[in-house]
Amino acid sequence: MPSKFGTPTDPDYLERLAEFEARVTRGEKIEPGDWMPEEYRRQLVRMISQHAHSEVVGMLPEGAWIGRAPSLKRKMILIAKVQDEAGHGQYLYHAAETLGVSREEMLQALLSGKAKYSSIFNYPTLTWADIGTIGWLVDGAAIKNQTMLAGCSYGPYSRAMVRICAEETFHHKQGKEMVMLYAKGSALQRQMAQDAINRWWWPALMMLGPHDSDSPNSGMLTKWGVKTKSNDTVRQEFINEHAPEILASGLTLPDPDLHQDADGNWRHGPINWDEFRAVVKGNGPMNKERLEARQKAYAEGAWVREALEAYAARKKQIPVAV
Ligand code: BYC
């Protein structure tokens, strides 16, 4: 039986590729059992597994504040949010598994430092205002990116995005409400909110990926309907929504060049891509801590995996009554 993942050396590759591309152009979803080029599979595994790791590592900066939330209400919201992120990781690992990669392979790539996850989670959460700011800016940027991915050509990824975006909308709203409240609060609350916005604004812009001219994967991903908007387009949408709202709340943004053009778009100053590259290479402020935290959690979960394996093996030996 021919493989459902085609390579250019296959005799019928060009014919199948044309059929696959026609399906993508018609807006049909590609499903796990369907034929697809090996390169499409590889790109999806790369992106979906990175996305899954981001959700799981993304629990760490916020999880650190659960025990220090200022009220029961805020604590309950934060617990629900962090738990949602674990669920998002699950949907995404499952989506990647439909492409023939195992959970263990993906986890080992993360734990060995080989796999990437979003740059944004390598920054520290220094005060409680960072929690609101992550909701407003980080979830805000993630929603723009993920709404774009909800229209992607791969069915399982697209459907995971629809569900994730619905939950992220709640995350975004609670963060925005919190920061807006502090912006109108005491001098200390205003200072905390401003400081958090100052520290998270640029990393939130970087999170959406390099400029289109420096984005090697975009060409193929766009051609095959995985990315339905470019990195810069998504970033522009994010700035157009968030810059005026933050300024209207009475806070400022740490970009002296930020302004609105006659066409309605908000223009930003130069992004520090050296910082972005350093963070992605593993030299950000919290890379080491984040990886160590995941490695520790994996080691401490060994007994659960062993127990599950023993249970599964035992179950196989017990005759099932019919
Ligand atoms: N961080 O060709 P490009 C959340 C890499 S979590 C690190 O443009 P692409 C949340 C990129 O991988 C949601 N690396 O790449 C959770 C590539 O390197 P490789 C997070 C980055 O893939 C908890 C190279 O740079 N969202 O919401 O076409 C609490 C060249 O870039 C980053 C996702 O994961 C980065 N930011 O486009 C709160 C979205 N950007 O792999 C909230 C899913 C780029 O070739 N991912 N690189 O070695 C995507 O949509 C796309 O991968 C990107 C980049 C738009 C990010």
- Among the residues of the range 258-289, count how many are in contact with a Lys or Arg (Cβ under 7 Å, 6 or more places away or on another chain) and open to solvent by 60 Å² or more (accessible area, probe 1.4 Å). 1
- Query: Quick check, is Gly301 over 19 Å from the mean Cα position of the chain (by Cα), open to solvent by less than 50 Å² (accessible area, probe 1.4 Å), under 19 Å from Gly63 (Cα atoms) and away from the ligand (no atom under 16 Å from the Cβ)?
  - Reply: yes
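Give the residue that is nearest to Leu181 (Cα to Cα), with candidates limited to residues of the range 85-132 that are among the acidic types (Asp, Glu) and without any contact (Cβ under 8 Å) to a residue 60 or more places away in the chain. Lay out the reasoning, then the answer.
Of the range 85-132, the ones among the acidic types (Asp, Glu) are 85, 97, 104-105, 130.
Next, only the ones that are without any contact (Cβ under 8 Å) to a residue 60 or more places away in the chain stay: 85, 97, 104-105.
Numbers: Glu85: 24, Glu97: 42, Glu104: 43, Glu105: 44 Å.
Of everything passing the filter in the range 85-132, Glu85 is nearest to Leu181 (Cα to Cα).
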- Query: If you check Lys296 against the conditions, is it open to solvent by 80 Å² or more (accessible area, probe 1.4 Å) and within 24 Å of the chain's Cα centre (by Cα)?
  - Reply: yes
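Could you name every one of the helices (runs of 4 or more DSSP H) located completely within the range 109-228 that has at least 3 residues being within 14 Å of the ligand (Cβ to nearest atom) and open to solvent by 20 Å² or more (accessible area, probe 1.4 Å)? Steps first, answer last, please.
On the way: elements: 129-133, 139-149, 155-183, 187-207, 218-223.
By residue number, 139-149, 155-183, 218-223.
Answer yes or no: is there a residue in the range 21-38 that is under 21 Å from Val179 (Cα atoms), touching a residue at least 40 places away in the same chain (Cβ under 8 Å) and not in a helix (DSSP H, G or I). Spell out how you get there, then give the answer.
Going through the range 21-38, the residues under 21 Å from Val179 (Cα atoms) turn out to be none.
The answer is no, given that none of the residues of the range 21-38 is under 21 Å from Val179 (Cα atoms), touching a residue at least 40 places away in the same chain (Cβ under 8 Å) and not in a helix (DSSP H, G or I).
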- When you go through (1) surrounded by 23 or more Cβ atoms within 10 Å (Cβ to Cβ); (2) more than 9 Å from the ligand (Cβ to nearest atom) one by one for Tyr91, which number turns out not to apply? (1)
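The values are calculated or read from the model by the stated rules, or taken from the named source; none is laboratory data. Everything numeric here is computed off the predicted structure, so don't read it as measured data. When we count neighbours, we look across all protein chains shown, and the Cβ atoms used for this are built from the backbone with ideal geometry, even at glycine. What goes into the accessible areas is simple: the full protein's heavy atoms, side chains included, and nothing from ligands, DNA or RNA. Shrake-Rupley method; radii C 1.70, N 1.55, O 1.52, S 1.80 Å.
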